[in-house]
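The structure under discussion appears below in the form of structure tokens.
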Amino acid sequence: MRFSHGGRFLSGLALPLSALRTEQSPGCGEYPDLRSIGALATSWNFDLIQLLPVNDSGTQTSPYSALSAFALHPLYLRIADLPELALASHDPVARGSLPSSLVAGFRAKAEALRDRHRGAGRVPHEALLSDKLELLERIWDALEKERKPASRKAVPASKKPSAAAATGAAGVGAAGVAATSTLESLDAELESWIGARPWVRAYAAFVELKRRNEGRPWWEWSLYRDPTAEDIADLWADAEFSSSLRFWAWLQLRASRQLAAAGEELARMGVALMGDIPILMNADSAEVWARRSVFRLGLIAGAPPDMYSYLGQNWGFPIYDWEAIAAEGYSFWKERLIEADAYYSCYRIDHVLGFFRIWSLSDRERSGYLGRFVPDHYISRDELARSGFTSERLRWLSQPHIRESALHAAAGEAAARAAVHAALDRIGNEPLFLFRPGIRGERDIEALPGLSPAAREFLLVAWRDRALFEFEDGSFVATWRFKEASCWPTLSDGERASLESLIGAKARSSEELWAQTGRRLLGTLKDSASMLPCAEDLGAVPDCVPKVLGELGILGLRVLRWTRLWDQPGQPYVSPAHYPELSVACPSVHDSSSLRDWWESEAERDRVWSLAAEVLRRDIGPCPASLDADQVATMLEMLSRSASRFVVFPIQDVIAAGGTRPADPHTERINVPGTTNEGNWGYRMSRSVEELTADAELARRMRALAASRPSSAGAKDAGRQR
């Protein structure tokens, strides 16, 4: 969907669809609710709605842990709006209709489902999804009874799941259920829709097989672990599977229709809908299962260590094989963007740094510490030899040497003996040990039997204690904190200088490699769809990233708390008035604390409050210890005067600017990265869209924010001078 706002400066709202609360929604937002939030945005003179991903993530609550790069989540499907429930069967133009009594019954069940969950304070993800799928399966069963009998090709018996697995499958698709017919019009619509989207057949087969395997990941299945295109075609042709697979495809058809209709309605309102394209895929996903060549299995993506995560992050997602993707004409990514283009007029490129280089880890690692960038210019054994490092010296630098005395002190004598027996080899007769060759990562250490907690933790710390990481035979990278390795102080001044020089030279030469990679990949993405691309460029950003984004006209991201001059004394905040025009400004993101929570627990309040007074050019009173509604509005106003093309306010920060908001700002947080807890991804708006619409004072404040924005690209300089 083409972006129609040109060079205008926009104001927007950001939220996960699950967080939306309306009078029509159950325990989470649904695709049609986008019309309501779009109407609210229009009433405030806002022009943009930014969504987090809406991909099918199954029972995983994180929208970034998707089962498919293409499929939409059935959690957000509004059952009452299904055309199959719209009209009684006596109407000759009804599409996919059912007898009146069934329609009435299903609509009553949909209303009961909504009433059962609508009052939830947090998104009841698993319970709501289960209830929705159960009702949708009943509707599909009723539709299937309308279908005419059709012959189906049988899957070879050797490839069918066992009878026990088949009869154990709940709901649609149980063994022995004959494939019968739905109305011809629905049949034709569904077949045409599937035919235009090749991904649907593999996705439906994947989710059905996953269900028949009790939710286990595909690598634990006894059958179909390595499917061919013929295997998937056979499943679709088999009477035992056909109804189940068509059910999953039907859900995708209806979800697609609802989201597309909402996007078109927002476009008519003059509101741009921004989607979110996660860069990576869950290892247990339809694409990794059926399009294995696109990925480099065995290498896991993550993030290097930073101030928030000492050991870095391990996301658990496989990295791409970009050479294989290029050989296919980038079809995988082009297909993703074409699909998204049906719904959105702009999109957020998640973790854009990964299109330049991505932090990659062995699948045997648990943390994100021992990784490397892919691609990169690595240090070879020959280069190290020419710099004077012998094989023995390289072993000292790249393999952890564990001192017997340190192990005894940390774990005790008995536990130390157990650790040596389980994992270590003594170096000759010295009081030093090396890890055995069978230990390939932190997961191997965690799996060792008979270790005390103290011994296990000591070995994990020791595993990371090295200055160089030999990830392949003869190829090295410096570890992220190589100067903190215990071997570093033992080097001579000349050795340290030589190694630092080599590490620095490799880092400088890699910048051009990363620039070339990012330019090629992002250029391909930009040319593949009419949507306007926006980049999430947070993290350890190489110098080449802003340059390439600027060349391609891709908007970057500026988060108030992290937009600072990090290399200057005191690390001053950058005034929003000086943000680049090609950027999206915001006070917080889904992976951070909310504005109020940040203010109370993390912010350098005096400095930020002074910055706000400077930008607004008026007396805003003394710096508060916590933000009341007026003070939240003041902070949002500072952001609204940004020189950024887009300013986007998270919905929880907007609600905080109203008179009624949660007492505890920590409840406004959406996700804490690197953690697994019940609070993550459960955020739901504390006030409904209808309540926000009726709040005249909040509307006045939001309209004032919109009015403070520059009106066009030509007003950029004026925006910076405010």
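Data table
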item: Given charges at Cβ of Lys, Arg, Asp, Glu: the chain dipole, positive-most of Ser601, Gly679, Val548; result: Val548
item: Net charge over other residues, Cβ less than 15 angstrom from the Cβ of Leu251 (K, R count +1; D, E count -1); result: -1
item: Gly556 long-range amide H proximity, modeled H, under 5 Å; result: Ala535, Ser583, Val584
item: Extension reserve of the Glu335-Arg443 stretch, reckoned as 0.36 nm per residue once the Cα distance is removed; result: 35.3 nm
item: Contact order normalised by residue count of the chain, Cα under 8 Å, 6+ apart, percent; result: 16
item: Environment charge at Asp376 (Cβ cut-off 9 Å; Lys +1, Arg +1, Asp -1, Glu -1); result: +3
item: Average accessible area per residue (Å²) across the chain - probe 1.4 Å, nucleic acids and ligands excluded; result: 40
item: In the stretch 597-701, GluC sites (Glu not before Pro) in a DSSP loop with at most 11 other beta-carbon atoms within 10 Å; result: Glu602, Glu678
item: Accessible-area composition of the chain, carbon plus sulfur, in percent [1.4 Å probe]; result: 51
item: Net +/- balance of residues flanking Leu67 in space, Cβ distance below 10 Å, scoring K and R +1, D and E -1; result: -2
item: Rounded if a/c under 1.5, otherwise prolate or oblate - the chain, Cα gyration tensor axes; result: oblate
item: Built amide H within the under 5 Å cut-off of Phe471, gap 5+; result: Val477
item: Distance from the stretch 246-289 to the stretch 473-544 (C-alpha centre basis), Å; result: 34
item: Cα shape, the stretch 560-612, gyration tensor, a/c 1.5 rule; result: oblate
item: Semi-axis lengths, Å, the stretch 1-112, gyration tensor of Cα atoms, sqrt of 5 times eigenvalues; result: 31, 19, 14
item: Estimated vicinal HN-Hα couplings, Hz - the stretch 679-691 in sequence order (Karplus 6.51, -1.76, 1.60; Gly, Pro = x); result: x, 5, 6, x, 4, 9, 3, 6, 10, 6, 4, 5, 5
item: Lys, Arg +1 and Asp, Glu -1 on Cβ, resulting dipole of the chain about Cα centre, debye, nearest 20; result: 580
item: Inter-probe distance in nm under a simple model that places probes 7 Å from Cα toward Cβ, at Glu184 and Leu434; result: 7.6
item: Note, ³J(HN,Hα) from phi for the stretch 10-21, Karplus 6.51, -1.76, 1.60, rounded to Hz, x at Gly and Pro; result: 10, 10, x, 10, 10, 6, x, 4, 4, 7, 5, 10
item: Above-threshold pairs, the threshold being 28 Å between Cα atoms, out of Lys132/Lys210; Lys132/Lys526; Lys334/Lys547; Lys109/Lys334; result: Lys132/Lys526; Lys109/Lys334
item: Cross-link reach list, aspartates and glutamates versus Lys483, counting only Cα pairs under 16 Å and skipping chain neighbours closer than eight places; result: Asp306, Asp465, Asp493, Glu495, Glu500
item: Gly316 long-range amide H proximity, modeled H, under 5 Å; result: Ala301
item: The stretch 262-402 shape via C-alpha gyration tensor axes, a/c threshold 1.5; result: prolate
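The values are calculated or read from the model by the stated rules, or taken from the named source; none is laboratory data. Just so it is clear, the structure is predicted and the values come from calculations on it, not from any experiment. Positions of Cβ are backbone-derived with ideal geometry, glycine not excepted, and every protein chain shown enters the neighbour counts. Note: areas computed on protein heavy atoms with side chains; ligands, DNA, RNA excluded. Shrake-Rupley method; radii C 1.70, N 1.55, O 1.52, S 1.80 Å.
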